[in-house]
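To start, the structure itself, in structure tokens.
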Amino acid sequence: VQFISFLVDFCSFAGNQSPPFEMSSPLSKPQVIAHIQKSLNYTVFDSKWIPCSAKFVCLGNFPRGTGVIQIYELQHGEAQLIKEVEKPKPLKCGTFGATSLQQRHLATGDFDGNLNIWNLESPEVPVYTAKAHKEIVNSIDGVGGLGIGDGAPEIVTGSRDGTVKVWDPRQKDLPVANMEPVEGETKRDCWTVAFGHAFNDEDRCVCAGYDNGDIKLFDLRNMSLRWETNIKNGVCCVEFDRKDIDMNKLVATSLEGKFHVFDMRTQHPVKGFASVSEKVSNLGKDFDSNYGKNHKSSL
């Protein structure tokens, strides 16, 4: 009887109190906690984890106008610089997507339109080089390497010159595909490229985003434009949820802090792929208000 009376009193007390184990406000929201911070004396344009290692590479340019590749390794809670190589031209972007796990070669695009592939064990001289574009290479992606995606290893580059080109590292100088505006059409600045739909040896697609809000999906098997749309603001980044499956989801982020998710398996003959768009600052109470404020300009 005393035990039951205690439970009744406790429940009555608890009913008039706030939950004793309620999470504090800061912990109830998603957080990104900085593990390591390091100040650098140059502008970083891209960084990538080196596959199957505790190392990462940073690409950028020095104030004097030259490029730099830095390799860091995580040691005892710190990022230790283990190698630095200066290059004649600033480096804009890089990918490991077309290399094997054994070689782990890094492909980069620079401000002069060059495509280079580097052996990070001896990065002084590229193992592959090509004059890919007339202007800066804004974006690069790879497929067929690291055990991701069927078919030959390939690299795609997008440039300010308005072209999107696909490269086979086994073929020197010439791209295997070149997507450019028809004669007389305005050349738009291509900001981002991504591979997808590489689920067998024959099928493969490239998605490209442009400064005017255009998104174009190129079918490399049929060498045709499969689909296009416009999201009104410059497209900062496009990415498939997975490269090595039949196209499923495509996300595109843009200026004004917006993102768009397309269902690539639900296509209307007139309206195109089903999609949803949202502004980061409108995602609701589950996100820190400061997070939305930090992304009003671009994503």
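Compute the whole-percent fraction of alpha carbon pairs in the range 39-293 spaced more than 33 Å apart.
Result for the distance tail: 21 percent.
Restrict the search to the range 171-235; then list the GluC sites (Glu not before Pro) that DSSP places in a loop and that have at most 16 other Cβ atoms within 10 Å of their Cβ.
Loop-located and lightly packed - GLU183, GLU185, GLU202.
Just want to confirm a number: the relative contact order over the range 39-293, from Cα pairs under 8 angstrom separated by 6+ residues, in percent.
9 percent
Restricting to Cα pairs below 8 Å that are 6+ residues apart, what does the relative contact order work out to for the range 109-191? Please round to a whole percent.
It rounds to 24 percent for the range 109-191.
Only the coordinates and a few stated rules stand behind these numbers; no lab work does. As the structure is a computational prediction, the values presented were derived from the model and not from experiment. In this analysis, Cβ positions are derived from the backbone assuming ideal geometry, glycine residues included, and neighbour counts consider all displayed protein chains.
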